[in-house]
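**Q** Can you keep this structure in mind? I'll have questions shortly.
The values are calculated or read from the model by the stated rules, or taken from the named source; none is laboratory data. Keep in mind it's a predicted model, so treat the numbers as computed, not measured. Positions of Cβ are backbone-derived with ideal geometry, glycine not excepted, and every protein chain shown enters the neighbour counts. Ligands, DNA and RNA are excluded from the accessible area calculation, which covers all protein heavy atoms including side chains. Shrake-Rupley method; radii C 1.70, N 1.55, O 1.52, S 1.80 Å.
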Amino acid sequence: MSESSSVRPAVATTTAVSPFHRAKGEPRFPGGPAPDPAGSHHERRIRSFQPRRSRVTTGQADALERLWPQWGLDIDGQRVLDLDELFGGRGLPVVLEIGFGMGEATVQMAAEDPRTGILAVDVHTPGQGNLLGLAERNGLTNIRVANGDAIILIREMLPPASLAGLRVYFPDPWPKKRHHKRRLIQPDFLTLAAPRLAPGATVHCATDWEPYAEQMLEVLTAHPDFENTVPDGGYAPRPEFRPLTRFEGQGLDKGHVVHDLLFRRK
C-alpha cells in the first residue's frame, strides 16, 4: 500500500459523482483539496506513493465541499504550520498519520483518545472525503486532514519537536525488488522525521508484508535517533490503541502475519 492507502478502501455503495458535470477548468471541489498543492515545490524524486484515481461518492463530495475549509489543508510547502492553532488552540499533542485509506481506523483512534490531535495525510480524494464525513458524524474535532506529499509536509511545514508521534500503518510494500527504493521507511526518511519528533515521541509502524517488516526493523534499529520500546528488540505486540481494521482481519483469516514496530525518539 502507499501513503494514499494505509487500509484497503471499502466498496462505495452510494451514488458516485460524475466527472462530467464540471465545466472545463472548473475545480473538482471548489474550496476543497487541490490536485497539485505543492505546485512549484513538486521536485523530481522517487516517491513512496502512487496516487489512485477512483470515483468519489456524493456523500464524500459533500463532506469535502463543506468540511475541507474547516478541517483540511493542502501541503503546499509554502508555510510552517502552528499545530496548536491548527487544532483550535487546545494544547493537544499531535500525532502524524501517513496514509489512512478510508479513515475508519483513524476515526476510531481519535474517538478513543480525544486529547490527542491526529494530522492525517493522504492523497486519495475519496478517502479524504470519507474521513471528514466520519469525523463529523462522530462529533470529533481532533482530526485534521492533509492533502499531498508527506515528505514536503515534514521537511518544510512542521516545526522542530512538534510531533508527539508518527504512525505508518500498512504502507505500500512495493514488493518487486526494483521498487524497494520506493518504500517509505528508509534511513533518509527517518533522518528527516527525527527532528520534528519531540523526545520520547513514538514511531509506530505496522505491515503484513514480512520482507518489509524485516527492513523496517533493521532500519529503525540501526538509526541513532530511535530506540526500540521492546526491551529485547524485535517486534511489538499490537497495542490496544491501534484498531484491527477490516483489511487486517481479512489478511489474518488468510494466514497473514501482521508485525507492529514501536520505536521511541531518543
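**Q** Give segment 79-101 a look and list any residue that's of a type in the set (Phe, Trp, Tyr) and free of Cβ contacts under 8 Å to residues at least 60 places away in the same chain, or say none.
**A** Selection gives Phe87 alone.
**Q** Among the numbered criteria (1) touching a residue at least 24 places away in the same chain (Cβ under 8 Å); (2) more than 15 Å from the chain's Cα centre (by Cα); (3) over 17 Å from Val56 (Cα atoms), which one does Leu134 miss?
**A** Among (1) touching a residue at least 24 places away in the same chain (Cβ under 8 Å); (2) more than 15 Å from the chain's Cα centre (by Cα); (3) over 17 Å from Val56 (Cα atoms), Leu134 violates only (3).
**Q** Given the residues Arg144, Arg167, which is the only one that is touching a residue at least 24 places away in the same chain (Cβ under 8 Å), touching a helix residue (DSSP H, G or I) at 6+ places or on another chain (Cβ under 7 Å) and at negative phi?
**A** Arg144
**Q** Do you know which residues across segment 60-106 are open to solvent by less than 50 Å² (accessible area, probe 1.4 Å), among the β-branched types (Val, Ile, Thr) and in a loop (DSSP other than H, G, I, E, B)?
**A** Across segment 60-106, the qualifying residue is only Ile75.
**Q** Suppose the filter is polar (S, T, N, Q) and under 11 Å from the mean Cα position of the chain (by Cα); does Gln128 pass it?
**A** yes
**Q** Can you name the residue in segment 213-223 that is touching a His at 6+ places or on another chain (Cβ under 9 Å) and surrounded by 16 or more Cβ atoms within 10 Å (Cβ to Cβ) and, of all such residues, is nearest to Phe170 (Cα to Cα)?
**A** Ala213
**Q** While we're here: Here are some conditions: (1) over 18 Å from Phe247 (Cβ atoms); (2) of a type in the set (Val, Ile, Thr); (3) under 17 Å from the mean Cα position of the chain (by Cα); (4) outside any helix (DSSP H, G or I). Thr141 meets all but one. Which one does it not meet?
**A** (3)
**Q** Let me ask another. Could you list, in sequence order, the residues of segment 176-195 that are within 25 Å of Pro243 (Cβ to Cβ) and either outside any helix (DSSP H, G or I) or open to solvent by 20 Å² or more (accessible area, probe 1.4 Å) (or both)?
**A** Selection gives Arg183, Leu184, Ile185.
**Q** Which one is modelled with the highest pLDDT among residues in segment 107-134 that are acidic (Asp, Glu) and not in a helix (DSSP H, G or I)?
**A** The residue in question is Asp113.
**Q** Being closer than 19 Å to Val203 by Cα, open to solvent by 10 Å² or more (accessible area, probe 1.4 Å) and out of contact with any Phe, Trp or Tyr (no Cβ under 9 Å at 6 or more places or on another chain) is the filter here; which residues of segment 132-157 pass it?
**A** Arg155
**Q** For segment 224-242: of the residues being in contact with a Leu (Cβ under 9 Å, 6 or more places away or on another chain) and under 20 Å from Phe100 (Cβ atoms), which is least open to solvent (accessible area, probe 1.4 Å)?
**A** Pro239
**Q** Considering segment 202-211 alone, what residues qualify as being farther than 10 Å from Leu262 by Cα and either outside any helix (DSSP H, G or I) or among the charged types (D, E, K, R) (or both)?
**A** Thr207, Asp208, Trp209, Glu210
**Q** Given the conditions (1) in contact with a strand residue (DSSP E or B) (Cβ under 6 Å, 6 or more places away or on another chain); (2) open to solvent by 50 Å² or more (accessible area, probe 1.4 Å); (3) outside any loop (DSSP other than H, G, I, E, B), and given that Ala161 satisfies all but one, which numbered condition is not satisfied?
**A** Of everything listed in (1) in contact with a strand residue (DSSP E or B) (Cβ under 6 Å, 6 or more places away or on another chain); (2) open to solvent by 50 Å² or more (accessible area, probe 1.4 Å); (3) outside any loop (DSSP other than H, G, I, E, B), Ala161 misses just condition (3).
**Q** Quick check on Leu197: is it in contact with a Phe, Trp or Tyr (Cβ under 6 Å, 6 or more places away or on another chain), over 16 Å from Phe170 (Cβ atoms) and of a type in the set (A, V, I, L, M, F, W, C)?
**A** No: the conditions fail for Leu197.
**Q** Here's a follow-up. Do you know which of the residues in segment 243-266 that are assigned to a loop (DSSP other than H, G, I, E, B), closer than 17 Å to Trp209 by Cβ and open to solvent by less than 50 Å² (accessible area, probe 1.4 Å) is modelled with the highest pLDDT? Break it down into steps so the answer makes sense when it comes.
**A** Initially, segment 243-266 is screened for residues assigned to a loop (DSSP other than H, G, I, E, B), giving 243-245, 254-258, 266.
After this cut, where a residue has to be closer than 17 Å to Trp209 by Cβ as well, the list is 245, 254-258.
Now narrow it down to the ones that are open to solvent by less than 50 Å² (accessible area, probe 1.4 Å): 245, 258.
Numbers: Thr245: 80, Val258: 95.
The selected residue is Val258.
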